[in-house]
Structures are given as C-alpha cells and as structure tokens.
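The values are calculated or read from the model by the stated rules, or taken from the named source; none is laboratory data. The shown structure was predicted, so the numbers you read here are calculated from the model rather than taken from an experiment. So basically every Cβ, Gly included, is an ideal-geometry build from the backbone, and we count neighbours across all protein chains shown.
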C-alpha cells in the first residue's frame, strides 16, 4: 500500500480525493485502490485561508487522517505527496523540500502561476529523480480519453474547439485564467498535444474566446462562459473523422484520482511535465492578451 501525505487544505479536493483514495463515505465505484492518505498538514493559503479550518476539521475528525503542524514532518513517513493548495504561486516553494528528498509529487492544478516557476519545478524533478504530475480532472474526461485512444481512426487534429465555464470569484488574488480557465485548456492539450504557438483573445458580454495556432497547423480554440456553470464539451476535427462531446463531469474526480494512484505506483506521470509547463505558458499568454 502506497503511503501518501497531503499538504495545503484550502480546496475541496482535500476531502474529495481522500474519500476516494481511503474508501470512506463514497460509492466504491468512485474509489481508487492501491494507496492511502496516511498523514496531512493543513498548511497555508494566500487565496482562501478561511477554508483551511473547515477542511482540516473534516479530514481530521471525519476522515480520521492524522495531522502534523509542519509540512516537512511528513518526510520519512510517506511514499508520495499530494500538494493541493489553490495558490500556484506557492507550489514551487511548498514542493521543493519533498522533491529534494526524492519524493514524487502530485501538484494540483495549476502546476504554477508562471512558466518560470513551472520550469523550476520540472528542473527540480529531473535533478532529484522525483517524478511530478499535475493535471485538471477535465484531462481525464471519458470522451477526451476516447478521442485520444481513437487518434489513428480519427487522424491528426485539424481543428479542436473546447468549451467550459469561467469563474472570477477570486480575481483579485488569482491571475486571470489560472483559476478556472485551466480546465478547458487542459482538455485542449489532452486532445491536441504539445506544440502550441500563439493565441488571440476576444471577450463578449457572456463569454471569452481564445483562438490558438499549433506548430503543426492545427487551429484550436477555448470558449469560457461567464454566466455560471454550463455543460463543458468539445469538438474534435481530425484528418479522417470528427467527434462531438458534452460532459457532466460526474466521473472526473474518480478518473483523476485513479490516474494519481497509478502515477505513484509506477513513478511515471501520465502527462509529460514538459507539456504541463507548456499549458502554463499558454495561460500566461492568454492572460497577457486579455490584459490581466
């Protein structure tokens, strides 16, 4: 059984992931086998400090996970770290002692709030042979995975359109698309792969739209709706065929958590760290084009 530690409790993922990994108070069909969250540290938050107390109580009292005061107190007691904090600005500093100790890390989306920090995390991972995995659950949507598996039949992407909800609730603390925009961007990269080249941005009353060009000539887009939660989906146009999908996201957590556990089992990230760094650069460029 792989022993996992969890750090920074300002997100509901702390509770939702622990339930699925530890098989507590949730449908067994939504769980992942092979690991257990054995220790946690509430940590800190620059964005949502008020949420730490709530999730700390739930993790400690309901899910019965032992807690420590200092993150480094978990080193020597775990095989892998789940770094869950919402603040991408903190991820490099918070992951550093674990990576330097050779501990594999899942770093919840986004990997960082700058491509500089993202690259520094990738460099630490390589230097200390400590694998890093970061992703949005949208990347593991069943229809997204199905298209990736059908790439030979559908052909290389010519154009891909992705749509998802936007949320600027923490706009004074989170730079632009790094809060909710990461979700459709991750889905786009999952469908197209790396090789992003440039973006253009427009904003209307109810939505934002980004058109992007890939080095292989594919024309891609992300539409982020500004009117609350709307169904997410995509259109994939390949050289040989196309697919259209909408999703309710009901299995997103399950499939992401299973990918996380497999990552810790194998030591191999399902998403190459260089592609993840590229998604951060993409969002940086979107934010710059949008004036954030």
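Taking segment 234-261, which residues are closer than 30 Å to residue 33 by Cα, in contact with a strand residue (DSSP E or B) (Cβ under 6 Å, 6 or more places away or on another chain), surrounded by fewer than 20 Cβ atoms within 10 Å (Cβ to Cβ) and touching a residue at least 60 places away in the same chain (Cβ under 8 Å)?
Answer for segment 234-261, where residues must be closer than 30 Å to residue 33 by Cα, in contact with a strand residue (DSSP E or B) (Cβ under 6 Å, 6 or more places away or on another chain), surrounded by fewer than 20 Cβ atoms within 10 Å (Cβ to Cβ) and touching a residue at least 60 places away in the same chain (Cβ under 8 Å): 245, 247.
Against the condition at pLDDT below 95 and either in a helix (DSSP H, G or I) or assigned by TED's automatic domain parsing to the domain that holds residue 106 (or both), how does residue 189 come out, does it pass?
Against the criterion (at pLDDT below 95 and either in a helix (DSSP H, G or I) or assigned by TED's automatic domain parsing to the domain that holds residue 106 (or both)), residue 189 does not qualify.
Run down 286, 210, 257, 202 and say which single residue is over 20 Å from residue 143 (Cα atoms) and in a helix (DSSP H, G or I).
Testing whether each residue is over 20 Å from residue 143 (Cα atoms) and in a helix (DSSP H, G or I) leaves just 286.
Could you name every one of the helices (runs of 4 or more DSSP H) located completely within segment 76-151 that has at least 1 residues being assigned by TED's automatic domain parsing to the domain that holds residue 185 and buried (at least 22 other Cβ atoms within 10 Å of the Cβ)?
In segment 76-151, the matching helices (runs of 4 or more DSSP H) lie at 142-149.
Looking at (1) at pLDDT 95 or above; (2) within 14 Å of the chain's Cα centre (by Cα), can you tell me which one residue 180 breaks?
Unmet condition: (1).
Which condition number does residue 158 fail, the rest of (1) assigned by TED's automatic domain parsing to the domain that holds residue 219; (2) touching a helix residue (DSSP H, G or I) at 6+ places or on another chain (Cβ under 7 Å); (3) not in a helix (DSSP H, G or I) being met?
(2)
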